[in-house]
Amino acid sequence: MNQAKEHRLEFTEKAQEIVDRMSLEEKVYLMSGNLTFQDMMADAMGEASHYNARPYPAGGNEREGVAPMLFCDGPRGVVCGTGESTCFPVTMCRGASFDTELEEEIGHAIGREVRGHGGNLFAGVCINLPYNPGWGRSQEVYGEDSFALGQMGSALVRGVQAEDVMACVKHFAFNSMEISRFKVSVDCERRTEREVYLSHFKDCVDAGAASIMSAYNLYKGTHCGHSDYLLRKVLKEEWDFDGFVMSDFIWGVKDTVEAGNGGQDMEMCCTQFFGDKLVQAVKDGLVGEGRINDSALRIVRTILAFEDSYQKSGHTYGKEILGCKEHVELAKRAAEEGIVLLKNEGKALPFRKDKIKKIALLGKLANKANIGDHGSSRVFPAYVKTPMDGFNEVLPEAEVIWYSGEDLEHAKEVAKEADAVVFVVGFDHDDEGEFVAVENAENYTGAVGGDRKTLGLHEDEVELIKTVGPENKNSAVVMIGGNMIMVTDWIDSVASVLMAFYPGQEGGSVITRILTGEVNPSGKLPFVLPYEEEDLPHVNWDTTNQYYGYYHGYTKLQKIGKTPLLPFGFGGSYTTFSVEAPAFRADEDKVTGVCTVKNTGDREGTEVIQLYVGFGHSSIDRPVRLLRGFRRVTLAPGEEKQVEITCPVEKLKYYDTKSASFRLEHMEYEMYIGTSSAEEDLLKGSIQL
């Protein structure tokens, strides 16, 4: 049993005694957010100026010594406060690091900042899987692969909860459309459900997550916040989840009786359908009091355990921990590890500092503070460094020229006269993000967000790169965005390309330090980059029904035999590596891949070694190969190390719909180890299970 869960269960008896003393009204009070809708809107549009400017309270019972749950949002840092919290790179950028140890460190930092703001719950472990990379909020997740989502999400859970802060994992489940999130009913086959869309949630439950947030959307015609199948049968019964479920905010509960009977433990953050309505539903016999007792026990037990640990820890985090130097350095390191080098023709990068007297920055985003979505994940740090700031910082003696790029002829002249050219292109909060439909709100100044209708750059940016790129061989494109961006129609116009995602408050500095060679890039694509959008699953972003197929991303391209422009797991470096001496073995409960990695270049660098498992001998339809492990290795020039990666046998099973259980096929499995999902980047072997 997970240690965090074991600790919580030690409080079962005490929690039960407390619940037994409570009236029905007191128990239901635990299950309800303590804000009114007017309170929340006043925060968002009034003096506080934004959503979740302070921790949002729910429940609590002063007479019984049960603290309220104090909610803090934010996958890239704590949303609370203004000008205080550390803004880390978005989750997708951190997913590109493939570094669970770093993600756990970030969890520690976020947990400390939650406590520094006065909160005790962090609802920023977002692990939904994007069926299509156009999903507006996919910047909040770690990539397209279920295994990686589970590994990285579990690391964040461990880090946050090590600081005695409850981690809430969201949005359970199938939440990967934004414009239709309140109305769409998602459907899929049962194998797809269990293997592709729920498995990473189970990983986080197994890691000891204290809370789960249900989703707005429907699944097979039932609101996820009411789903007895998802919330009770799968989560609480099959997975033995001991924590509590909360609804997504305001619109996550639609009906008192359905939610009360369906396993929903807490309506957040305003009481609309629980509270007095739920009390009456129990009195009328429409919701059993046993359901209320179960929810109350889960909430009280969890809060008692975390508050007890926090008191015993002796920690007294205050405002001084917010945005502290240690946390900002961690945000910087996350950007350094996550930014991906996609192209470096003729070793155009890194730019030589001693050769650059004049550098041209082209594109509207080159001089814009751009840290991502302006929805519920928006963080308000003390400062944000733009790429312009970064070049002025790293190249203080050089002339740094910024031009937005509207006049192509002028842009060409600027590029010709410069020693190097950097195009900064992509998206901001108006192009993608949490969808907010605001009506009759004169004071609203936020972004609308939403899903991307196409996956390429804006037309004017494409024309800028194609027209101006050939004018200077020392050219680099830096792409800003939350998920995959198509590059097919312009990538031949420039020498080098970086995918920077939304790289956090230190992002501009890190981008510059990578371009000038102070930092050797080591990020890997957490998604596949196809030649054509048509190679990816189609999604109707404005619909009431959407089917999710078994294959998406790199597994779909491999299955249909389409070679991508760049494979899942790909990422360049300023040095070179060799991978040799593969060996594979199978034990009773795990499989292992081993190889020797050598830095064959002239500078220190980091490679991400990846383990894949193939299912070519399967009697059923299965992917060509799936990621089943990864490890970063940093090497000096000429240095070599043996890298060993293990994977539980459990992760090789498929979901058998007839027995409604996961089963292991006893057969020969192909094993691969290397530097991306592409066959040419992998060394092959096999094991027998």
Identify the single condition in (1) in a helix (DSSP H, G or I); (2) closer than 26 Å to residue 96 by Cβ that residue 354 does not satisfy, given that it satisfies every other one. (2)
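In the stretch 577-597, which residue that is among the β-branched types (Val, Ile, Thr) and either touching a Cys at 6+ places or on another chain (Cβ under 6 Å) or not assigned by TED's automatic domain parsing to the domain that holds residue 649 (or both) is farthest from residue 644 (Cα to Cα)?
Within the stretch 577-597, the match that is farthest from residue 644 (Cα to Cα) is 579.
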Would you point out the residue of the stretch 505-546, among those that are surrounded by fewer than 16 Cβ atoms within 10 Å (Cβ to Cβ) and among the hydroxyl-bearing types (Ser, Thr, Tyr), that is farthest from residue 356 (Cα to Cα)? 544
Consider the stretch 258-272. How many of its residues are free of Cβ contacts under 8 Å to residues at least 60 places away in the same chain and surrounded by fewer than 23 Cβ atoms within 10 Å (Cβ to Cβ)? 2
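Conditions (1) outside the structural domain of residue 468 (by TED's automatic domain parsing); (2) out of contact with any helix residue (DSSP H, G or I) (no Cβ under 7 Å at 6 or more places or on another chain); (3) at pLDDT 95 or above, marked per residue:
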site	(1), (2), (3)
343	no, no, yes
350	no, no, yes
365	no, yes, yes
368	no, yes, yes
375	no, yes, no
381	no, yes, yes
385	no, no, yes
Can you tell which of 601, 605 is more than 25 Å from residue 553 (Cα to Cα), in contact (Cβ under 8 Å) with a residue 24 or more places away in the chain and surrounded by 20 or more Cβ atoms within 10 Å (Cβ to Cβ)? 605
Matching option when the condition is modelled with pLDDT under 95 and not basic (Lys, Arg), among 271, 256: 271
Strands (runs of 3 or more DSSP E) enclosed by the stretch 56-149 - at least 3 residues per element that are in contact with a helix residue (DSSP H, G or I) (Cβ under 9 Å, 6 or more places away or on another chain): 69-73, 121-126
Where residues in the stretch 184-201 are of a type in the set (Asp, Glu) and surrounded by fewer than 22 Cβ atoms within 10 Å (Cβ to Cβ), which of them is farthest from the chain's Cα centre (by Cα)? 189
Out of all the residues in the stretch 466-485, which are of a type in the set (A, V, I, L, M, F, W, C) and within 20 Å of the chain's Cα centre (by Cα)? 479, 480, 484, 485
Among the residues of the stretch 470-501, which ones are in a loop (DSSP other than H, G, I, E, B), in contact with a helix residue (DSSP H, G or I) (Cβ under 6 Å, 6 or more places away or on another chain) and crowded, with 24+ Cβ neighbours inside 10 Å? 482, 483, 494, 500, 501
Working carefully through the options 326, 345, 320, find the one that is over 30 Å from the mean Cα position of the chain (by Cα), of a type in the set (D, E, K, R), surrounded by fewer than 24 Cβ atoms within 10 Å (Cβ to Cβ) and over 26 Å from residue 40 (Cα atoms). 345
Residue 504: in a loop (DSSP other than H, G, I, E, B), of a type outside the set (D, E, K, R), modelled with pLDDT of 95 or more and within 23 Å of the chain's Cα centre (by Cα), yes or no? yes
Hey, could you check the stretch 567-578 for residues that are closer than 22 Å to residue 624 by Cα and of a type outside the set (Phe, Trp, Tyr) and say which is surrounded by the most Cβ atoms within 10 Å (Cβ to Cβ)? 569
Quick one: which residue in 247, 313 is surrounded by fewer than 23 Cβ atoms within 10 Å (Cβ to Cβ) and under 25 Å from residue 163 (Cα atoms)? 313
Residue identified as out of contact with any Lys or Arg (no Cβ under 7 Å at 6 or more places or on another chain) and closer than 23 Å to residue 553 by Cβ among 483, 474: 483
Inspect the stretch 497-511 for any residue being in contact with a Leu (Cβ under 8 Å, 6 or more places away or on another chain) and farther than 17 Å from residue 338 by Cβ and give the result as yes or no. no
Whether any residue in the stretch 589-596 is surrounded by fewer than 17 Cβ atoms within 10 Å (Cβ to Cβ) and over 22 Å from residue 146 (Cβ atoms) is what I want to check. yes
Restricting to the stretch 369-401, count the residues that are within 24 Å of residue 457 (Cα to Cα) and either hydroxyl-bearing (Ser, Thr, Tyr) or more than 23 Å from the chain's Cα centre (by Cα) (or both). 8
Given the structure, is residue 519 in contact with a Lys or Arg (Cβ under 8 Å, 6 or more places away or on another chain), hydrophobic (A, V, I, L, M, F, W, C) and closer than 14 Å to residue 572 by Cβ? yes
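Can you tell me which of 67, 15, 53, 58 is among the hydrophobic types (A, V, I, L, M, F, W, C), on the phi < 0 side of the Ramachandran plot and surrounded by fewer than 18 Cβ atoms within 10 Å (Cβ to Cβ)?
Sole residue among the options that is among the hydrophobic types (A, V, I, L, M, F, W, C), on the phi < 0 side of the Ramachandran plot and surrounded by fewer than 18 Cβ atoms within 10 Å (Cβ to Cβ): 67.
Can residue 54 be described as among the basic types (Lys, Arg) and modelled with pLDDT under 95?
The answer is yes for residue 54.
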Going through the stretch 150-175 in order, the residues found to be surrounded by fewer than 24 Cβ atoms within 10 Å (Cβ to Cβ) and hydrophobic (A, V, I, L, M, F, W, C) are 162
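The values are calculated or read from the model by the stated rules, or taken from the named source; none is laboratory data. Treat the numbers as computed from the prediction; the structure is a model and nothing was measured. All Cβ positions, even for glycine, are placed from backbone atoms using ideal geometry, and neighbour counts span all protein chains on display.
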